[in-house]
2 protein chains.
Amino acid sequence: MIQTAREIRETGRQYALRIIRSRIVHLKLEPGSWISENELAASLDLSRTPVREALQELSAVRLVEIYPQRGSRVSLIDYALVEEARFLRLALERAVAELLCGSLSEEGRRRLEDNLRHQDLYIAQEDPSDFFQADNEFHHLLFQEARKEISYDMMNSMTAHFDRVRHMAAKTGENRSRNRDDHAELLEAILCGDTKKADRTVLRHLSYVQLDEKELRSLYPPAYFAKT
Amino acid sequence: MIQTAREIRETGRQYALRIIRSRIVHLKLEPGSWISENELAASLDLSRTPVREALQELSAVRLVEIYPQRGSRVSLIDYALVEEARFLRLALERAVAELLCGSLSEEGRRRLEDNLRHQDLYIAQEDPSDFFQADNEFHHLLFQEARKEISYDMMNSMTAHFDRVRHMAAKTGENRSRNRDDHAELLEAILCGDTKKADRTVLRHLSYVQLDEKELRSLYPPAYFAKT
DNA sequence: TCTGGTCCACTAGTATACCAGTAGAATAAT
DNA sequence: ATTATTCTACTGGTATACTAGTGGACCAGA
């Protein structure tokens, strides 16, 4: 499921970033644990330089905390940050939807409709990862069509906080068909230029995943969580 | 006006980032010009490492473009990016204002009111930089009170695109008292929990600076601008 | 047992060395 | 003169070496 091999043309820094991020999200690197640039470099078969650059990037979104001359550690689970990731995504998705209302290009419409067909294709499939990817791509397409790719990247870099708790909760009812219908409804609203409806749909779409903090705290070591 | 000396406790990377960013915004490094890590390192009296890390960060927001094994250059003026900076700020400021409506702490209220008093103090001052700083601080405080500091940092890292064209236009009528009044009105709306009014105020406040692309293109070399 | 001080292993920050890859100049071939 | 080829100087990516600074282990003295 998780791609670990270094891809062609992928630079060491990108590779390190991808793997370390993945290890954090999947708790292979535990919240609060100290991480050594040297160890990481060794385990990734890289030198400290690209590893260090990756850690810098992760610390920018507080997924890693760097204490100069002391060490670095994986950030604790901080619901304020999970919430901020959600906040950021909601704010941007709403703004993008509003922007696209009535201004979506023919080409953009075609791409989004193509994507919806892919979602239909994957909806009944055993392995959910294809649908998952199409889902992500749908939202990415919206940002691309609105020419707000950097905002998308920023938002994406923060979602790791969200992904981590989602992975911990694991069983969050993945309702694919509901998601697909939301996507279709959103696209329809955008095409009609119905700002209000688009806004409502985004709001609803992004409020499904309710990650109960209390439940999670009961399932995992208290040391995983920030004191708030 | 521009602080160039390296501050105490400031790491080489932070220093490099601050200076390079400033040089780009103030056109000391021209749009489209090629920059050499070695030259920058020499001029900042640093090695390539911290300079390189700063450039990585700048390239994340497309202020610098890195072409592996070929070179790096200062990004051309791209109105799509200026617009994205504006978009990002507007989306986030609106969301923060909405969030704070009715949930601003006593402490937060005190801080913002203190800041408003500072703005009053600096409003008639010859040198505009004090007011400018207080203005920025006001918005920063809003994000702090909403506990959305990372979003603020992200937004801030993109404003360089905006700052650069603003600096080029130079004479954009800085109307301090109008800005101050907007701030006061926004705070009032937040304190009253008047979401609608807060939203309107933010919208108006952020739409003053109209940077006419055509005018700017007539004042500066065509080579400064991206083809769009 | 406690206190204060020395030392030591380790850290991140920085400097430097080396590499592969690029583009353009210089050269050679036609 | 034109094209093909080699060379060269430079780039960013990576590896490695060095430094200052940190905190804990250890120890001496009470």
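Just so it is clear, none of the values below were taken in a lab; they were calculated from the coordinates. Computed from a prediction, not measured in an experiment: that's the story for all the values here. Neighbour counts are summed over all protein chains in view; Cβ atoms, including those assigned to glycine, are modelled from backbone coordinates with ideal geometry.
Taking GluC sites (Glu not before Pro) in DSSP loop states with no more than 16 other Cβ atoms inside 10 Å as exposed sites, chain A has its longest site-free stretch at A:11-125. According to the calculation over all Cα-Cα pairs in region A:12-74, the P(r) per 10 Å bin from zero is 24, 64, 11 %.
Footprinting exposure proxy ranking of A:T228, B:T11, fewest other C-beta atoms within 10 angstrom first, gives A:T228, B:T11. What would the Debye formula give as log10 I(q)/I(0) at q = 0.13 Å⁻¹ for the alpha-carbon point model of region A:79-215, no solvent? Listed by q, the Debye log ratios stand at -0.55.
Shape summary: region B:13-156 maps onto an equivalent ellipsoid whose semi-axes, from the alpha-carbon gyration tensor, are 34, 18, 14 Å in decreasing order. Taking every residue in A:58-66 and counting other chain Cβ atoms within 10 Å of its Cβ, the average works out to 1. Here the protein assembly as shown carries DSSP beta bridges of which approximately 85% are antiparallel, counting only pairs with both residues inside. Anisotropy class assigned to region B:111-178 is oblate, per the alpha carbon gyration tensor with a/c at or over the 1.5 cut-off and a/b no larger than b/c. Close amide H pairs (under 5 Å, H built 1.01 Å from N) link A:V64 with A:S59, A:S75, residues at least 5 positions away or on another chain.
Based on Cα atoms of region A:147-228, Rg over Rh with Rh as the Kirkwood radius reads 1.07. Over all projection directions, the Cα-based convex hull of the protein assembly as shown averages an area of 23.7 nm².
Dividing the summed helix terms, -39500 (n - 2.57) for each DSSP H run of n ≥ 4, by the number of residues in the protein assembly as shown produces a 222 nm estimate of -21000 deg cm²/dmol to the nearest 500. Between the helical axis of A:48-60 and the longest alpha-carbon principal axis of chain A there is an angle of about 50 degrees. Residues whose amide H lies under 5 Å from that of B:F225, counting only those 5 or more places away or on a different chain, are B:I77; hydrogens are built 1.01 Å from N in the peptide plane. Loop-located trypsin sites (Lys or Arg not before Pro) in region B:1-56 (DSSP state not H, G, I, E or B) with no more than 15 neighbouring Cβ atoms inside 10 Å: B:R9, B:K28.
Between B:I35 and B:S72, B:R73, B:V74, the built amide H atoms are under 5 Å apart, and every one of these is 5 or more places off in sequence or on another chain. By how many degrees, 0 to 90 and rounded to 10, does the Cα axis of helix B:195-205 deviate from the longest principal axis of chain B? Rounded to the nearest ten degrees, it is 40.
Peptide B:88-99 has a mean of 4 when you count, residue by residue, the C-beta atoms of other protein chains within 10 Å of its C-beta. Residue by residue, region B:7-20 carries 3J(HN,Hα) couplings of 7, 5, 6, 7, 6, x, 5, 4, 4, 4, 4, 4, 5, 5 Hz when phi is fed to the Karplus relation 6.51 cos²θ - 1.76 cosθ + 1.60 (θ = phi - 60°); x denotes Gly or Pro.
With contacts taken as Cα pairs under 8 Å at a separation of at least 6 residues, chain B carries a relative contact order of 27 percent. Ordered from longest to shortest, the equivalent ellipsoid semi-axes for region B:56-107 are 36, 13, 6 Å, each the square root of 5 times a Cα gyration tensor eigenvalue. Converting phi to 3J(HN,Hα) with the Karplus coefficients 6.51, -1.76 and 1.60 and the offset θ = phi - 60°, region A:138-151 yields 4, 5, 4, 4, 4, 5, 5, 5, 7, 6, 10, 6, 5, 4 Hz in sequence order, with x at every glycine or proline.
Computed from Cα positions, the angle between helix A:106-122 and the longest principal axis of chain A comes to roughly 70 degrees.
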